[in-house]
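All of the numbers you see were taken from the coordinates with simple rules; none came from a lab. Computed from a predicted model, the values in this text were never measured in an experiment. No Cβ is skipped: glycine too gets one built from the backbone with ideal geometry, and neighbour counts run over all protein chains shown.
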Amino acid sequence: MQLSETMTEMDAYLEASLLRDDPVLEQVAKRSQEAGLVPHAVTPLQAEFLAMLIRMTGAKRILEIGCLGGYSAIAMARAMSNDGYILTTEIDTRTAAIAQANIDASGFSERIDLRTGPAMEVLDHQVEAGAVFDFVFIDADKVNHRNYLEKALKLARPGTVIVADNIVRGGGVLNGDSEDNNIRGIREMLAYAKTLDGIEMTALQTVGAKGYDGMALFRVTA
Ligand code: DHB
Ligand code: MG
């Protein structure tokens with residue numbers, strides 16, 4: 001068996017072992033796929049990882065940068081307490097319409113605020129408004145990964161946890177000469193991270209149904 005098949009089968013085995021049936025997220029995945037969205041949503045196991053981080057931190061004000069079909073936003077919304085809310089951004093109007101339909105069907109339309117437009121504009125407005133978030137999930141275009149981290153830090157307080165997706169991309173991020181703007185964006189984020197003070201940081205390389213990738217984890221301390 002190819003390693004990639006093993007990774008995908010292993011994901012299915014872990015899901016079957018550890019996760020309960022989840023008709024809500026299954027429907028979101030199904031509708032997103034039928035609508036032709038790119039298959040870039042987090043996996044069920046990753047969604048539960050985000051959900052557990054939210055339960056562990058007690059995050060109530062959640063910012064998601066990059067909504068896609070709403071899969072991760074809905075997973076995070078279920079993990080937050082009843083007074084929590086999520087602000088999520090989606091640049092593509094057609095994708096946003098699919099996400100909004102998924103959010104409506106999930107029953108979270110009151111607590112997930114989907115803003116359609118370039119994430120940087122949405123984030124600038126949030127900074128101007130003095131917004132503060134407890135938890136940030138960065139998962140939009142990778143070109144702006146560094147800029148999203150910088151904005152997330154402007155919207156953070158000591159204790160805010162930030163997760164950044166897709167920091168490995170099959171190992172492509174190793175290539176400092178890459179002309180792939182996604183790779184460059186991630187490398188810029190990692191170079192920027194290196195300059196930061198008052199923040200704890202680590203990363204996990206991951207394999208699974210979405211191949212070989214990884215997530216960075218940040219916790220603001222000061
Ligand atoms: C891509 C984006 C993602 O957020 C992801 O999780 C996987 C791949 C992409 O744009 O290729
Ligand atoms: Mg991603």
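Structure data summary
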{"quantity": "Residues within segment 40-69 that are farther than 22 Å from Arg157 by Cβ, of a type in the set (Val, Ile, Thr) and within 9 Å of the chain's Cα centre (by Cα), tallied", "calculated": "1"}
{"quantity": "Residue that is farthest from Glu128 (Cα to Cα), among those in segment 138-172 that are within 16 Å of ligand 2 (Cβ to nearest atom) and part of a strand (DSSP E or B)", "calculated": "Asp165"}
{"quantity": "Any hit, segment 81-97, residues being crowded, with 23+ Cβ neighbours inside 10 Å, free of Cβ contacts under 8 Å to residues at least 40 places away in the same chain, of a type in the set (S, T, N, Q) and within 16 Å of ligand 2 (Cβ to nearest atom)", "calculated": "yes"}
{"quantity": "Every residue from segment 182-210 that is within 16 Å of ligand 2 (Cβ to nearest atom) and in contact with a helix residue (DSSP H, G or I) (Cβ under 6 Å, 6 or more places away or on another chain)", "calculated": "Asn182, Ile183, Gly185, Ile186, Met189, Val207, Gly208, Ala209"}
{"quantity": "Yes/no for Ser72 being polar (S, T, N, Q), under 26 Å from Leu217 (Cα atoms) and within 16 Å of ligand 2 (Cβ to nearest atom)", "calculated": "yes"}
{"quantity": "Among (1) touching a helix residue (DSSP H, G or I) at 6+ places or on another chain (Cβ under 6 Å); (2) within 14 Å of ligand 1 (Cβ to nearest atom) - the single one Arg146 does not satisfy", "calculated": "(2)"}
{"quantity": "Whichever residue in segment 207-222 is assigned to a strand (DSSP E or B) and among the charged types (D, E, K, R) and, among such residues, is nearest to the chain's Cα centre (by Cα)", "calculated": "Asp213"}
{"quantity": "Residue that is farthest from ligand 1 (Cβ to nearest atom), among those in segment 28-42 that are in contact with a Leu (Cβ under 8 Å, 6 or more places away or on another chain), of a type in the set (A, V, I, L, M, F, W, C) and farther than 20 Å from Arg78 by Cβ", "calculated": "Leu37"}
{"quantity": "Members of segment 113-137 that are part of a loop (DSSP other than H, G, I, E, B) and among the hydrophobic types (A, V, I, L, M, F, W, C)", "calculated": "Ala129, Ala131, Val132, Phe133"}
{"quantity": "Count - residues of segment 143-160 that are under 12 Å from the mean Cα position of the chain (by Cα) and either among the hydroxyl-bearing types (Ser, Thr, Tyr) or more than 15 Å from Thr89 (Cβ to Cβ) (or both)", "calculated": "1"}
{"quantity": "Failed item in (1) more than 20 Å from Ser109 (Cα to Cα); (2) surrounded by 19 or more Cβ atoms within 10 Å (Cβ to Cβ); (3) away from ligand 2 (no atom under 14 Å from the Cβ), with Gln46 passing the rest", "calculated": "(3)"}
{"quantity": "Residues satisfying the stated conditions in segment 183-206, i.e. assigned to a strand (DSSP E or B) and crowded, with 18+ Cβ neighbours inside 10 Å", "calculated": "Thr206"}
{"quantity": "Helices (runs of 4 or more DSSP H) completely within segment 1-112 that count 2 or more residues being β-branched (Val, Ile, Thr)", "calculated": "3-18, 23-34, 44-57, 93-106"}
{"quantity": "Among the candidates Ala12, Ala59, residue that is touching a residue at least 60 places away in the same chain (Cβ under 8 Å) and in contact with an Asp or Glu (Cβ under 7 Å, 6 or more places away or on another chain)", "calculated": "Ala59"}
